[in-house]
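Colleague: Before we start, here is the structure in question, set down as structure tokens.
The values are calculated or read from the model by the stated rules, or taken from the named source; none is laboratory data. From a predicted model like this one, the values you see are computed outputs, not experimental measurements. Methodologically, a virtual Cβ is constructed for each residue, glycine included, from the backbone with ideal geometry; neighbour enumeration extends over all protein chains shown. When the accessible area is computed, the model is the full protein with side chains, heavy atoms only, and any ligands, DNA or RNA have been set aside. Shrake-Rupley method; radii C 1.70, N 1.55, O 1.52, S 1.80 Å.
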Amino acid sequence: MTSSALAGCTSGAGSTSYQSAVQETWRLGPLQGLDGTALATELVRYATLAPSSHNTQCWKFALATDAITIHPDFSRRCPAVDPDDHHLFVSLGCATENLIQAARAHGLRGEAAFDEARHGVRITLSPAANEVTELFNAIPSRQCTRAEYDGKPIASDEMKRLESAGTSERVRMLLLTDRPALENVLDFAVQGNTAQMNDTAFVAELKHWIRFNGDDAVRSGDGLFSKSSGNPEVPAWLGGLMFGFFFTPQAENEKYIKHLRSSAGVAVFAGAQENPAHWVEVGRCYERFALQATVLGIRTAHVNMPVEVASLRPKFGESLGLGRVRPDLVVRFGRGPTLPPSLRRPVPAVLA
């Protein structure tokens, strides 16, 4: 919904409860005086600040004496946009990276290993010297900024830092900045968005996860808060009625054209293999990229339509020279505004 006609029909806009929830959620906690369950709980809190598809927070955390395991919460999967659970496992990877960064800041070394039998990520924790990295400090400020950027290029030294953060032995990242390459991404994004907008299951699933006002966002602690996408707050009943009127293929395509053409570049992540273990690794690389971007004052946002529509994905990969390697994520970046953040459920709600 993008019409300014709805801007005055607010319900809890800028409400105290939403602002209080933001302050409680997006904060740096104490680095001293925590141990045992209190420390493990704090590490989980940082992990939950990671992004997830539609902000479903599709994870469960099991605590042990010397380890934390992140399990997929399949009750929060998105079968329309993510039928093979690719994004779900990417989300687990993002949470894994946050947890490991937080562990380092609290004097623990985290070693992640994918559990093939349980499809979870076990993070073994052992004592180490405290190391508060700039990526850790960026965790409470990272966001997916779904807005127009300033269109200015990113300095070469900053591009090198982004490239270093976003790659690993098992994940390749392409940084696209020249106009023909960006127009190619835009063409596939528009094709993908059009296909998704004409898919009634996709639209219904997306609508299910939208929180049209701050009160509803606080109540659920999950989902896509309307103002986080630059849209006005409205009462839920009105948002539901007006959703189909404003959320159209043409309106969304026009928005994505503006967003992509205002971006400094696009990062495409591609894991070496097509399986959950590598999707977790893609998530870790993406989260490091997003945190490094935050450190540099650079905004990021997903434009994953070319990799979410199965019929487009191989063609998109071929256009990038990836051959048969699956492109996993498409992320635009550039400098732009800060938008109101999404919220998170409390830690007890995500403990196994």
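Colleague: Only residues that are farther than 17 Å from L92 by Cα and open to solvent by 10 Å² or more (accessible area, probe 1.4 Å): list them for segment 278-303, please.
Modeller: Q292, T294, V295, L296, G297, R299, listed by residue number.
Colleague: Hey, can you tell me all the residues within segment 22-72 that are open to solvent by less than 30 Å² (accessible area, probe 1.4 Å), β-branched (V, I, T) and in contact with a strand residue (DSSP E or B) (Cβ under 8 Å, 6 or more places away or on another chain)?
Modeller: V44, T48, I68, T69, I70
Colleague: Report, by residue number, each residue of segment 73-106 that is among the hydroxyl-bearing types (S, T, Y) and either free of Cβ contacts under 8 Å to residues at least 12 places away in the same chain or open to solvent by 20 Å² or more (accessible area, probe 1.4 Å) (or both).
Modeller: S75 - this is the single residue of segment 73-106 that is among the hydroxyl-bearing types (S, T, Y) and either free of Cβ contacts under 8 Å to residues at least 12 places away in the same chain or open to solvent by 20 Å² or more (accessible area, probe 1.4 Å) (or both).
Colleague: Restricting to segment 292-310, name every residue that is in a strand (DSSP E or B) and either among the charged types (D, E, K, R) or more than 20 Å from G166 (Cβ to Cβ) (or both).
Modeller: If the condition is that a residue be in a strand (DSSP E or B) and either among the charged types (D, E, K, R) or more than 20 Å from G166 (Cβ to Cβ) (or both), then R299 is the only one that fits.
Colleague: Could you tell me which numbered condition Q273 fails, if it satisfies all but one of (1) under 30 Å from T177 (Cβ atoms); (2) out of contact with any strand residue (DSSP E or B) (no Cβ under 6 Å at 6 or more places or on another chain); (3) part of a helix (DSSP H, G or I)?
Modeller: Unmet for Q273, out of (1) under 30 Å from T177 (Cβ atoms); (2) out of contact with any strand residue (DSSP E or B) (no Cβ under 6 Å at 6 or more places or on another chain); (3) part of a helix (DSSP H, G or I): (3).
Colleague: Can you tell me which residue in segment 311-335 is surrounded by the most Cβ atoms within 10 Å (Cβ to Cβ), limited to those that are outside any loop (DSSP other than H, G, I, E, B) and of a type in the set (D, E, K, R)?
Modeller: Once the filter is applied, the top-ranked residue is R332.
Colleague: Something else about it: Give the residues of segment 312-333 that are more than 20 Å from V280 (Cα to Cα) and over 16 Å from the mean Cα position of the chain (by Cα), sorted by residue number.
Modeller: Matches in segment 312-333: L312, P314, K315, F316, E318, S319, L320, G321, G323.
Colleague: Now a separate question. Among the residues of segment 222-255, count how many are of a type in the set (S, T, N, Q), in a helix (DSSP H, G or I), touching a residue at least 24 places away in the same chain (Cβ under 8 Å) and out of contact with any helix residue (DSSP H, G or I) (no Cβ under 6 Å at 6 or more places or on another chain).
Modeller: Step one: of segment 222-255, the residues of a type in the set (S, T, N, Q) are 226, 228-229, 231, 248, 250, 253.
Keeping just the survivors that are in a helix (DSSP H, G or I) gives 226, 228-229, 250, 253.
Next, only the ones that are touching a residue at least 24 places away in the same chain (Cβ under 8 Å) stay: 226, 228-229, 253.
With the extra rule that they be out of contact with any helix residue (DSSP H, G or I) (no Cβ under 6 Å at 6 or more places or on another chain), the set shrinks to 226, 228-229.
Of the residues in segment 222-255, 3 are of a type in the set (S, T, N, Q), in a helix (DSSP H, G or I), touching a residue at least 24 places away in the same chain (Cβ under 8 Å) and out of contact with any helix residue (DSSP H, G or I) (no Cβ under 6 Å at 6 or more places or on another chain).
Colleague: Only residues in segment 24-43 that are part of a loop (DSSP other than H, G, I, E, B) count as the first member; pair them with residues that are among the hydroxyl-bearing types (S, T, Y) and open to solvent by 40 Å² or more (accessible area, probe 1.4 Å), Cβ under 9 angstrom, at least 6 apart or cross-chain, and list the lot.
Modeller: Pairs that qualify, where the first residue is part of a loop (DSSP other than H, G, I, E, B) and the partner is among the hydroxyl-bearing types (S, T, Y) and open to solvent by 40 Å² or more (accessible area, probe 1.4 Å), are W26/S141; L34/T41.
Listed here are the residues, each with its yes/no results for (1) surrounded by 17 or more Cβ atoms within 10 Å (Cβ to Cβ); (2) touching a Ser or Thr at 6+ places or on another chain (Cβ under 9 Å).
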residue	(1), (2)
P153	no, yes
D157	no, no
E163	no, no
E183	no, no
L186	yes, no
Q191	yes, no
A195	yes, yes
T200	no, no
V203	no, no
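Colleague: Which count do you get for residues in segment 207-264 that are aromatic (F, W, Y) and farther than 30 Å from L182 by Cα?
Modeller: 2
Colleague: Determine which single condition G8 fails, assuming it passes every other condition in (1) surrounded by fewer than 17 Cβ atoms within 10 Å (Cβ to Cβ); (2) at pLDDT 95 or above; (3) not polar (S, T, N, Q).
Modeller: Unmet for G8, out of (1) surrounded by fewer than 17 Cβ atoms within 10 Å (Cβ to Cβ); (2) at pLDDT 95 or above; (3) not polar (S, T, N, Q): (2).
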